[in-house]
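**Student:** Starting off with a structure, shown below.
The values are calculated or read from the model by the stated rules, or taken from the named source; none is laboratory data. This is a predicted model, so every value here is computed, not measured. Neighbour counts are summed over all protein chains in view; Cβ atoms, including those assigned to glycine, are modelled from backbone coordinates with ideal geometry. What goes into the accessible areas is simple: the full protein's heavy atoms, side chains included, and nothing from ligands, DNA or RNA. Shrake-Rupley method; radii C 1.70, N 1.55, O 1.52, S 1.80 Å.
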Amino acid sequence: MTFAPHMDEALAEARAAAARGEVPVGAVLVAPSGQIVARAGNRTRELSDPSAHAEMLVIRAACAAAGSERLPGHVLFVTLEPCAMCAAAIAAARIARLVFGAADPKSGGVLHGARVFSHAQAHHAPEVIDGIGAEAAAALLSGFFSARRG
């Protein structure tokens with residue numbers, strides 16, 4: 001599987017989220033066939049829903065479309081290291097591989113913080129590939145927060 005084109009799609013979703021005033025995080029979920037089955041950017045403010053992270057939105061959409069709570073063989077591309085909430089949903093959905101861009105030392109739940117997939121309680125740990133599109137994702141986030149600080 002080629003990572004760059006899918007991460008480019010996730011970055012496009014992150015840019016769209018920023019344009020809506022949301023924290024610029026984007027995600028795409030790819031089926032085993034290689035087809036993108038869901039795409040989203042953060043919508044926490046728009047939906048007044050603290051769980052409306054890009055990852056959660058694509059997992060919900062793909063599960064609804066599949067008629068299943070499990071997404072075996074799927075690959076999730078996200079521009080920022082998932083938080084603990086999203087990492088738990090990734091494990092619950094049995095997503096095969098997680099590919100993310102920028103690390104999140106403050107709120108990440110995969111390589112930082114809770115390290116959800118390392119716990120004995122984790123029912124499933126996907127393959128994790130980090131750093132794909134990291135510079136572009138980090139630049140988008142830092143630009144967004146710099147502009148907000150004014």
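**Student:** Got at least one residue in the range 72-94 being free of Cβ contacts under 8 Å to residues at least 40 places away in the same chain, buried (at least 16 other Cβ atoms within 10 Å of the Cβ), of a type in the set (A, V, I, L, M) and in a loop (DSSP other than H, G, I, E, B)?
**Tutor:** Taking every residue of the range 72-94 in turn, at least one turns out to be free of Cβ contacts under 8 Å to residues at least 40 places away in the same chain, buried (at least 16 other Cβ atoms within 10 Å of the Cβ), of a type in the set (A, V, I, L, M) and in a loop (DSSP other than H, G, I, E, B).
**Student:** Could you list all residues from the range 110-133 that are of a type outside the set (A, V, I, L, M), under 26 Å from residue 8 (Cβ atoms) and out of contact with any Pro (no Cβ under 6 Å at 6 or more places or on another chain)?
**Tutor:** Result: 117, 126, 127, 130, 131, 133.
**Student:** A further question follows. Go through 55, 46, 13, 69 for me and flag whichever is under 16 Å from residue 90 (Cβ atoms) and in a helix (DSSP H, G or I).
**Tutor:** The unique qualifying residue is 55.
**Student:** Which ones in the range 23-37 are more than 14 Å from residue 80 (Cα to Cα), in contact with a Gly (Cβ under 9 Å, 6 or more places away or on another chain) and open to solvent by less than 40 Å² (accessible area, probe 1.4 Å)?
**Tutor:** Selection gives 31 alone.
**Student:** Here is a further query. Suppose we keep only residues that are under 15 Å from residue 77 (Cβ atoms) and either out of contact with any strand residue (DSSP E or B) (no Cβ under 7 Å at 6 or more places or on another chain) or basic (Lys, Arg) (or both) within the range 1-23. Which one would you say is modelled with the lowest pLDDT?
**Tutor:** Applying the filter and picking the extreme gives 2.
**Student:** How many of the residues in the range 123-136 are assigned to a loop (DSSP other than H, G, I, E, B), touching a strand residue (DSSP E or B) at 6+ places or on another chain (Cβ under 6 Å) and either open to solvent by 60 Å² or more (accessible area, probe 1.4 Å) or under 25 Å from residue 18 (Cα atoms) (or both)?
**Tutor:** 2
**Student:** Of all residues in the range 98-121, which are of a type in the set (Gly, Ala, Ser), on the phi < 0 side of the Ramachandran plot, out of contact with any Leu (no Cβ under 9 Å at 6 or more places or on another chain) and buried (at least 16 other Cβ atoms within 10 Å of the Cβ)?
**Tutor:** 109, 114
**Student:** From 120, 114, 139, grab the single residue that is of a type in the set (Gly, Ala, Ser) and not in a loop (DSSP other than H, G, I, E, B).
**Tutor:** Going through 120, 114, 139 in turn, the sole match is 139.
**Student:** Would you pick out the residues in the range 22-43 that are part of a loop (DSSP other than H, G, I, E, B), of a type outside the set (S, T, N, Q) and free of Cβ contacts under 8 Å to residues at least 40 places away in the same chain?
**Tutor:** 22, 34, 43
**Student:** Give just the number: which of (1) surrounded by fewer than 24 Cβ atoms within 10 Å (Cβ to Cβ); (2) under 24 Å from residue 133 (Cα atoms) does residue 50 not satisfy?
**Tutor:** Failed condition: (2).
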